[in-house]
Amino acid sequence: MFALIVLFIFGIGVAFFATQNTQAVSLTFANYSLTSIPVYIIVLVSLLLGFAVSWIIGLVDVIASAFKMHGKESTIKNDNKQISELTKKVHQLELENERLKGESGHPRDDKSL
């Protein structure tokens with residue numbers, strides 16, 4: 001509802017601006033020339049182009065962030081896999097250590113896994 005109210009107020013502002021700026025001007029870009037264009041059309045087109053460019057820049061930023069997050073997620077996944085493998089290896093080594101202590105007559109370690 002708030003967005004609708006803001007859009008309505010913006011529309012009223014554009015309409016007021018358009019009624020106050022109806023003078024015709026000429027616009028030249030490179031070798032191409034446009035004549036008898038009202039000032040409000042030029043301003044509104046510039047405003048819309050600015051919105052479009054800022055939206056594209058924001059979209060590129062969102063895509064770049066998504067790629068960065070995907071890379072970090074895969075790194076975390078690989079690191080967790082490595083941690084799991086190392087934990088298994090530690091457990092196996094502790095079991096082997098206890099087996100060797102049992103064979104040599106050393107007292108058992110109750111704190112080991």
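Select, from V90, V43, the only residue that is open to solvent by less than 100 Å² (accessible area, probe 1.4 Å), in contact (Cβ under 8 Å) with a residue 24 or more places away in the chain and of a type in the set (A, V, I, L, M). V43 is the lone residue from the list that is open to solvent by less than 100 Å² (accessible area, probe 1.4 Å), in contact (Cβ under 8 Å) with a residue 24 or more places away in the chain and of a type in the set (A, V, I, L, M). Checked against (1) assigned to a helix (DSSP H, G or I); (2) of a type outside the set (V, I, T); (3) modelled with pLDDT under 90, E85 meets all criteria but (3).
Here is a check on your reading of the model: is E96 open to solvent by less than 100 Å² (accessible area, probe 1.4 Å) and either in a helix (DSSP H, G or I) or among the polar types (S, T, N, Q) (or both)? It is true that E96 is open to solvent by less than 100 Å² (accessible area, probe 1.4 Å) and either in a helix (DSSP H, G or I) or among the polar types (S, T, N, Q) (or both).
Could you say which residue among A30, A18, A66 is without any contact (Cβ under 8 Å) to a residue 40 or more places away in the chain, surrounded by 11 or more Cβ atoms within 10 Å (Cβ to Cβ) and among the aliphatic types (A, V, I, L, M)?
Answer to the check: A18.
Can you confirm whether S54 is among the small types (G, A, S), closer than 29 Å to G13 by Cα and either part of a helix (DSSP H, G or I) or at pLDDT below 90 (or both)? It is true that S54 is among the small types (G, A, S), closer than 29 Å to G13 by Cα and either part of a helix (DSSP H, G or I) or at pLDDT below 90 (or both).
The values are calculated or read from the model by the stated rules, or taken from the named source; none is laboratory data. Treat the numbers as computed from the prediction; the structure is a model and nothing was measured. Every residue, glycine as well, gets a Cβ built from its backbone with ideal geometry; the counts of neighbours run over all protein chains shown. With ligands, DNA and RNA removed, areas are computed over all heavy atoms of the protein, side chains included. Shrake-Rupley method; radii C 1.70, N 1.55, O 1.52, S 1.80 Å.
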